[in-house]
Amino acid sequence: MEDFRHALSRRVLLFDGSMGALLGQMGVETECPDLLSVTKPDLIRGIHEAYVRAGAEVILANTFGATSIKLSRAGLEERSSEIAAAAVKNAKASGAPFVALDLGPTGRFLTPVGDVTFDQMMASLRAFCRAGAEAGADLIVIETQTDLAEMRCALIAARETGLPVVVSSTYSPNARTLTGGAPECAALIASALNAAAAGINCSGGPIEMLKPLKAMRLASPIPVVVQPNAGLPSVGPNGRAVFPFGPDAMAPHMAEILAAGASAIGGCCGTTPEHTAKMHTLTEAAQPPESVWDGVVRICSARAFIPLDEARDALEEIGDPEDLYDLEPDAVPVIDISGLSAEEARSAVEAAQTMTKRPLAFRADGEEALNAALEGYTGVALVDGVGLDEAIDRWGAVRL
């Protein structure tokens, strides 16, 4: 069987289109589309097969909302693994070259912004990813992420399965996520944690994809997958969503996305097998894009990034968390976690991240504390310490 990473490097791949929105357009009424993988497998298999006939090479299992945290709203949290396994089986039946476990946002935020702890989030995502991998998924697609903290948790959980991972966020017209994450930072985090590709999906439609796509490609060498909505929907006379971009209207915009350097394309809300068929014509004629990354190593937080050389010149020692409020705008705070326990190191990182948008540097003297700090840090950190190569490499940090 062809490896996904290898395929992505050799040709422009085509992902499928909408599942949930398509079910709505078909008149299927359900409070939990993911459960249809168990209760109506023939319906779901039929949709997958339609996308394969249209030319899709990557089929996403019907698991967008199937993490236990997301399913808890419907009282179905105990069925997360069952749904994941059934959905992957349905997708595999389509005969697609690649079947992806689809991991959407949980709808909750990590503490201190929200009420889900890091450990609770990781437990839910790990169990979900493990179930999908055991069911035979070829890769994991993390999509529609609005918060880079959750995105990074999902990426950590997904890569533990050993499967290739695509990690995709959704952006507002200002090219920021709901919580202010920058596309450059998303790409840097994805690359640091060895994702197969970064991505952009959903959002307002194909036109809004160009700005974050170009930003990601300049900041990092990682391939970028682009899967837009068919525009912003309106409510039709029957009460169902109507999307402005039909297959013919959307195709020229997808051609522009390919010209801007997307390594793979597909559709999100409002797209259909007919959209996929039009995109298939485009991908068949496309060649894998050459990298436009400038070769500069960068560190980042969720919201800001800085070249390594500039970061080294901008280091500022922090004696107390309150000092973060007094830093110059371009300073890179150095958080000293030497001598701290793992729990203390993670708490120090959590506090620092709530007080500054700047990328962080850590001074450390032990692997345990550094592992805890880097695991919980939403970004690519700079590390000052000796004999810490294993932790630095594990979390994609950068040596001082």
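The values are calculated or read from the model by the stated rules, or taken from the named source; none is laboratory data. Bear in mind the structure is a predicted one, so any value in this text is a computation, not a measurement. We place every Cβ from the backbone using ideal geometry, glycine too, and count neighbours over all the protein chains shown. We work out accessible area using only protein heavy atoms, side chains counted, and drop any ligands, DNA or RNA first. Shrake-Rupley method; radii C 1.70, N 1.55, O 1.52, S 1.80 Å.
A few comments on the model shown:
- Carbon and sulfur %, accessible surface of segment 241-400 computed with the full protein complex present, 1.4 Å: 49 percent
- The heavy atoms of Asp309 offer some 110 square angstrom of accessible surface to a 1.4 angstrom probe.
- At a probe radius of 1.4 angstrom, the accessible area of segment 1-87 per residue rounds to 44 square angstrom.
- Cα gyration tensor shape of segment 16-165, rounded if a/c is under 1.5, else prolate or oblate by comparing a/b with b/c: prolate
- Longest to shortest principal axis, alpha-carbon extents of segment 133-205, angstrom: 38, 24, 16
- To the nearest 10, the accessible area of Lys357 is 130 Å² with a 1.4 Å probe.
- Residues whose amide H comes within less than 5 Å of that of Glu316, counting only those at least five positions distant or on another chain, are Val332, Val334 (H built at 1.01 Å from N in the peptide plane).
- Span from the segment 2-32 Cα centroid across to the segment 106-156 one, whole angstrom: 19 Å
- Computed P(r) (all Cα pairs; the chain; 10 Å bins; percent): 5, 24, 33, 24, 11, 3, 0
- The largest accessible area among His253, His48 belongs to the first residue in His253, His48, and the rest follow in falling order (1.4 Å probe, all chains).
- Under 25 Å between alpha carbons - lysine pairs in the chain that sit 8 or more apart or on different chains: 10
- Over the chain, DSSP H runs of length four or greater, each weighted -39,500 (n - 2.57), average out per residue to a 222 nm ellipticity of -11500 deg cm²/dmol.
- Here the Debye sum runs over all C-alpha atoms of segment 245-400 as equal scatterers in vacuum, and log10 of I(q)/I(0) at q = 0.11, 0.16, 0.18, 0.19 Å⁻¹ comes out as -0.59, -0.80, -0.91, -0.99.
- Low-density loop cleavage sites - GluC sites (Glu not before Pro) in segment 111-206, where at most 16 other Cβ are within 10 Å (DSSP): Glu160
- Average accessible surface for segment 222-270: 38 Å² per residue, computed with a 1.4 Å probe over protein heavy atoms with every protein chain in place.
- Mean-position separation - Cα centroids, segment 332-400 and segment 171-189, in angstrom: 22 Å
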